[in-house]
Amino acid sequence: DVKVTQSSRYLVKRTGEKVFLECVQDMDHENMFWYRQDPGLGLRLIYFSYDVKMKEKGDIPEGYSVSREKKERFSLILESASTNQTSMYLCASSLTGAPKPFFGPGTRLTVL
Amino acid sequence: QKEVEQNSGPLSVPEGAIASLNCTYSDRGSQSFFWYRQYSGKSPELIMSIYSNGDKEDGRFTAQLNKASQYVSLLIRDSQPSDSATYLCAVIKTGNQFYFGTGTSLTVIP
């Protein structure tokens, strides 16, 4: 089975802090995604990556950046955390030939 | 216009009944369609995928796709309280980018 892991289940940070969320998948998937999920808004795509060192903006990239130095790892960076970035963050990965995205367990981030 | 639209519900059905969940999408070029189940506080879990017109059955779940009407549905037969969750519809257009609906909340009443 595909396994997607995220570095933390719960995280509390202060406004202005730099925050790193990490995602690792173990099935050699080319594609990796970062979403945030908020009540009533559903899943919104922040960034995605089709390959190492490749990144594409999703629907809401403002205030975020990403890094993919290795195929199995995709990091989301909040450059200066703000309270409106309090959310559930979900990482997903998929195979290009069989694009079924699998999700990690999620990180619930609270910015105080 | 949203890429994927779902009725947010809540949808309530009695135990043992058929639950019907619906989804429409805007892009006729969409290729692949998925249904995810998400329990409260958990991440989405893939339960069905469908790629061609018609029905696809897997146990108590049936996915239906009508590309002409740009419509995808999920039927859950013999609904159980454990089926109570939010169901997300997802669509791939071209490439590998996924678009998700906002989800339909289902409650199965014992």
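If you check A:62, A:56 for being out of contact with any Cys (no Cβ under 9 Å at 6 or more places or on another chain), modelled with pLDDT of 95 or more and under 22 Å from residue B:99 (Cβ atoms), only one passes: A:62. Which count do you get for residues in region A:8-27 that are within 25 Å of residue A:101 (Cα to Cα) and of a type in the set (S, T, N, Q)? Counting residues in region A:8-27 that are within 25 Å of residue A:101 (Cα to Cα) and of a type in the set (S, T, N, Q) gives 2. Here A:11, A:43 are screened, and the one residue that is more than 11 Å from every other protein chain (Cβ to nearest Cβ), in contact with a strand residue (DSSP E or B) (Cβ under 8 Å, 6 or more places away or on another chain), among the hydrophobic types (A, V, I, L, M, F, W, C) and in a strand (DSSP E or B) is A:11.
Conditions (1) of a type outside the set (A, V, I, L, M, F, W, C); (2) closer than 25 Å to residue A:92 by Cα, marked per residue:
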residue: B:40; (1), (2): yes, yes
residue: B:43; (1), (2): yes, yes
residue: B:70; (1), (2): yes, no
residue: B:75; (1), (2): no, no
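Where residues in region B:77-110 are of a type in the set (A, V, I, L, M) and more than 15 Å from the chain's Cα centre (by Cα), which of them is surrounded by the fewest Cβ atoms within 10 Å (Cβ to Cβ)? Quick ask: steps written out before the conclusion?
Pass one, region B:77-110, residues of a type in the set (A, V, I, L, M): B:85, B:88, B:90-92, B:106, B:108-109.
Subset that is more than 15 Å from the chain's Cα centre (by Cα): B:108-109.
Numbers: B:108: 20, B:109: 11.
Among them, the one singled out is B:109.
Residues of region A:18-71 that are more than 11 Å from the chain's Cα centre (by Cα) and of a type in the set (A, V, I, L, M, F, W, C): A:19, A:27, A:41, A:43, A:52, A:54, A:60. Only a single item in (1) assigned to a strand (DSSP E or B); (2) crowded, with 18+ Cβ neighbours inside 10 Å; (3) in contact (Cβ under 8 Å) with a residue 24 or more places away in the chain is not met by residue A:48, and it is number (3).
Against the numbered list (1) within 13 Å of another protein chain (Cβ to nearest Cβ); (2) over 13 Å from the mean Cα position of the chain (by Cα); (3) buried (at least 16 other Cβ atoms within 10 Å of the Cβ), residue B:23 comes up short only at (2). The selection criterion, being assigned to a loop (DSSP other than H, G, I, E, B) and touching a Gly at 6+ places or on another chain (Cβ under 6 Å), holds for residue A:80. Just so you know, in region B:16-46 the residues that are outside any loop (DSSP other than H, G, I, E, B) and without any contact (Cβ under 8 Å) to a residue 24 or more places away in the chain include one that is nearest to residue A:6 (Cα to Cα), and it is B:45. I'd like to check something: does region B:57-76 contain any residue that is within 15 Å of the chain's Cα centre (by Cα), under 22 Å from residue A:105 (Cβ atoms), more than 10 Å from every other protein chain (Cβ to nearest Cβ) and buried (at least 16 other Cβ atoms within 10 Å of the Cβ)? For region B:57-76, residues within 15 Å of the chain's Cα centre (by Cα), under 22 Å from residue A:105 (Cβ atoms), more than 10 Å from every other protein chain (Cβ to nearest Cβ) and buried (at least 16 other Cβ atoms within 10 Å of the Cβ): absent. Entry remark, region A:47-78: residues being farther than 19 Å from residue A:26 by Cβ and of a type in the set (Asp, Glu) number 3 in total. In the set (1) in contact (Cβ under 8 Å) with a residue 40 or more places away in the chain; (2) surrounded by fewer than 18 Cβ atoms within 10 Å (Cβ to Cβ); (3) away from chain B (no Cβ under 12 Å); (4) of a type outside the set (Asp, Glu), residue A:109 fails one condition alone, (2). Only residues that are acidic (Asp, Glu) and on the phi > 0 side of the Ramachandran plot were counted in region A:2-50, giving 1.
The values are calculated or read from the model by the stated rules, or taken from the named source; none is laboratory data. Computed from a prediction, not measured in an experiment: that's the story for all the values here. Cβ: placed from backbone, ideal geometry, glycine included. Neighbour counts: every protein chain shown.
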